[in-house]
Amino acid sequence: MKIKLFLLFILITSFAFSQKTVETIQSKKLGEERSFTVSLPVNYEFDTDKKYPILVLLDGEYLLSPFEGIVKYGNYWDDLPEMIIVAVNQNYGETRFNDSEFDSNGLPSGKGASFFEFIGFELLPYLESKFRTQPFRIIAGHDTTAGFLNFYLYKDNPIFNGYISLAPEMAPEMEKRISERLAIIKKPLFYYQATGEGDIKEINDGAKALDNNINALQNKTFKYRFDEFKGASHYSLVAQAIPQALYFIFDGYQPISMVEFQEKIVTLDKGYTQYLIDKYTNLEQNLGLKIQPRLTDFKAIEAAILKNKAYLELQDLGKYADKQYPKTTLGTFHQALYYEKVGEYKKAIKEYRKAYTLTDIRELTKSYMLDRAESLKDKKDESTVEELAEPTSEEGEKKDGE
């Protein structure tokens with residue numbers, strides 16, 4: 001038995017490690033072969049319809065492990081989405097410095113200009129042709145490469161949506177140019193930068209100057225965060241910044257929490273179902289993440305509706321459930337629950353009995369639905385629909401005049 005369990009463990013761990021592969025491209029832009037490591041989500045081979053955001057790591061040799069660890073941890077708790085992580089190898093000889101080369105005007109030049117084009121014209125197209133990707137891309141780097149990644153913001157339509165700049169060594173005028181570009185770029189962007197209190201003065205001064213410039217902007221259309229870690233060095237800040245950066249970019253991805261439920265949802269006067277719709281619409285529009293709304297989130301909205309006795313909204317919730325989970329008991333349950341709560345028991349029984357032809361979803365089994373119908377069969381209708389309905393403008397005027 002122990003041998004079988006050991007072999008099973010070896011199989012599982014081997015499969016997990018097989019998700020990481022070294023790829024190479026013969027780059028025309030660079031005139032040489034370049035290698036990078038691709039780390040695929042554990043379930044990539046099983047869920048063949050799912051697509052994933054891309055996270056490109058410059059300085060990939062040492063940034064891959066900490067980023068990969070946080071992504072896997074966050075995904076385990078459904079706090080972060082699975083991603084395709086691409087770690088570009090640069091830590092040999094003077095490669096990382098050559099790749100980040102810029103001229104006296106603070107613009108990519110020489111090998112830096114070629115590497116800039118390699119990422120956009122060769123690496124990303126290669127990844128998108130070979131792997132299942134979503135149109136949401138993040139780039140991250142440290143010191144020299146953190147400064148370099150900002151050059152992608154100089155374009156009118158930046159190819160990356162998220163930027164993680166860790167202790168950046170900035171090119172001339174970069175502190176000013178970044179804020180100017182962020183002010184006019186229309187697409188949703190996420191910009192994160194971090195420094196350590198114990199880092200060199202030049203790096204910290206540049207990051208703070210950029211922070212001041214960004215904070216001075218009016219009507220921001222992007223999301224921005226700056227962290228300065230107390231007591232952190234040039235290197236230790238990386239371990240502290242990575243989870244902050246990823247949770248900042250994917251804020252709102254997480255399931256509805258108890259705090260969110262109590263502070264943002266239950267306190268609403270109305271629009272509980274719309275809150276749920278907006279949550280997942282924003283994920284798709286801002287992060288490119290088209291995901292099926294979680295059943296726990298449906299349950300949270302249902303609880304808020306019941307707590308506030310806003311029973312009419314159960315119908316809206318049912319319609320949304322039918323779109324997201326068609327041919328299951330979820331939408332029918334909410335419609336039946338509405339009828340039950342407003343005292344229209346005959347209609348409720350009819351709805352609950354529709355479970356015969358539907359697919360069970362979690363605890364909403366056919367048996368459970370039919371039991372609900374059975375429990376209502378001796379009750380007489382006592383509809384409260386008119387009491388729950390909002391008054392029309394004419395009714396409101398009449399009441400005011402009385």
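The values are calculated or read from the model by the stated rules, or taken from the named source; none is laboratory data. This one's a predicted model, so the numbers in the text were calculated from it and none came from an experiment. Because the Cβ atoms are built from the backbone with ideal geometry, glycine has one as well, and the counts that use them run over all protein chains shown.
Gln285 is checked against (1) part of a helix (DSSP H, G or I); (2) surrounded by 17 or more Cβ atoms within 10 Å (Cβ to Cβ) and fails just one. What number does that condition carry?
With (1) part of a helix (DSSP H, G or I); (2) surrounded by 17 or more Cβ atoms within 10 Å (Cβ to Cβ) applied to Gln285, the lone miss is (2).
Can you tell which of Gly162, Gly120, Gly196 is at pLDDT 95 or above, among the small types (Gly, Ala, Ser) and within 20 Å of the chain's Cα centre (by Cα)?
When all the criteria are applied, what remains is Gly162.
Take segment 298-313 and flag every residue that is in a helix (DSSP H, G or I) and surrounded by fewer than 19 Cβ atoms within 10 Å (Cβ to Cβ).
Matches in segment 298-313: Lys299, Ala303, Leu306, Lys307.
State whether the residues of segment 100-118 include one that is buried (at least 20 other Cβ atoms within 10 Å of the Cβ) and under 30 Å from Asp297 (Cα atoms).
No, that holds for no residue.
Tell me, please, whether a residue that is modelled with pLDDT of 95 or more, farther than 19 Å from Glu23 by Cβ and in contact with a strand residue (DSSP E or B) (Cβ under 9 Å, 6 or more places away or on another chain) can be found in segment 52-68.
Within segment 52-68, none of the residues are modelled with pLDDT of 95 or more, farther than 19 Å from Glu23 by Cβ and in contact with a strand residue (DSSP E or B) (Cβ under 9 Å, 6 or more places away or on another chain).
In the same structural domain as Val38 (by TED's automatic domain parsing), surrounded by fewer than 16 Cβ atoms within 10 Å (Cβ to Cβ) and either on the phi < 0 side of the Ramachandran plot or at pLDDT 95 or above (or both): is that true of Phe97 in this structure?
Yes, satisfied.
Return the total of residues in segment 257-282 being loosely packed, with under 15 Cβ neighbours inside 10 Å and closer than 26 Å to Pro135 by Cβ.
Total meeting the criteria: 3.
Give just the number: which of (1) surrounded by 18 or more Cβ atoms within 10 Å (Cβ to Cβ); (2) in a helix (DSSP H, G or I); (3) among the aromatic types (Phe, Trp, Tyr) does Tyr247 not satisfy?
The failed condition is (1).
Could you please find all residues in segment 314-363 being closer than 19 Å to Ile277 by Cα and without any contact (Cβ under 8 Å) to a residue 24 or more places away in the chain?
Residues satisfying the conditions are Gln315, Gly318, Lys319, Ala321, Asp322, Lys323, Pro326, Gly331, Gln335.
Can Ser179 be described as of a type in the set (S, T, N, Q) and closer than 30 Å to Glu68 by Cβ?
In short, no.
If the requirement is being at pLDDT 95 or above, touching a helix residue (DSSP H, G or I) at 6+ places or on another chain (Cβ under 9 Å) and not polar (S, T, N, Q), which of these qualifies: Ala321, Ala355?
After applying the criteria, what remains is Ala321.
Please tell me if Thr365 is crowded, with 18+ Cβ neighbours inside 10 Å, closer than 30 Å to Asn75 by Cα and not assigned by TED's automatic domain parsing to the domain that holds Lys51.
Considered against the rule, which asks whether it is crowded, with 18+ Cβ neighbours inside 10 Å, closer than 30 Å to Asn75 by Cα and not assigned by TED's automatic domain parsing to the domain that holds Lys51, Thr365 comes out as no.
Restricting attention to segment 113-134, which residues are outside any helix (DSSP H, G or I) and either in the same structural domain as Glu284 (by TED's automatic domain parsing) or touching a helix residue (DSSP H, G or I) at 6+ places or on another chain (Cβ under 9 Å) (or both)?
Matches in segment 113-134: Thr133, Gln134.
Is one or more of the residues making up segment 314-334 touching an Asp or Glu at 6+ places or on another chain (Cβ under 8 Å), closer than 30 Å to Thr133 by Cα and part of a loop (DSSP other than H, G, I, E, B)?
No, segment 314-334 contains no residue that is touching an Asp or Glu at 6+ places or on another chain (Cβ under 8 Å), closer than 30 Å to Thr133 by Cα and part of a loop (DSSP other than H, G, I, E, B).
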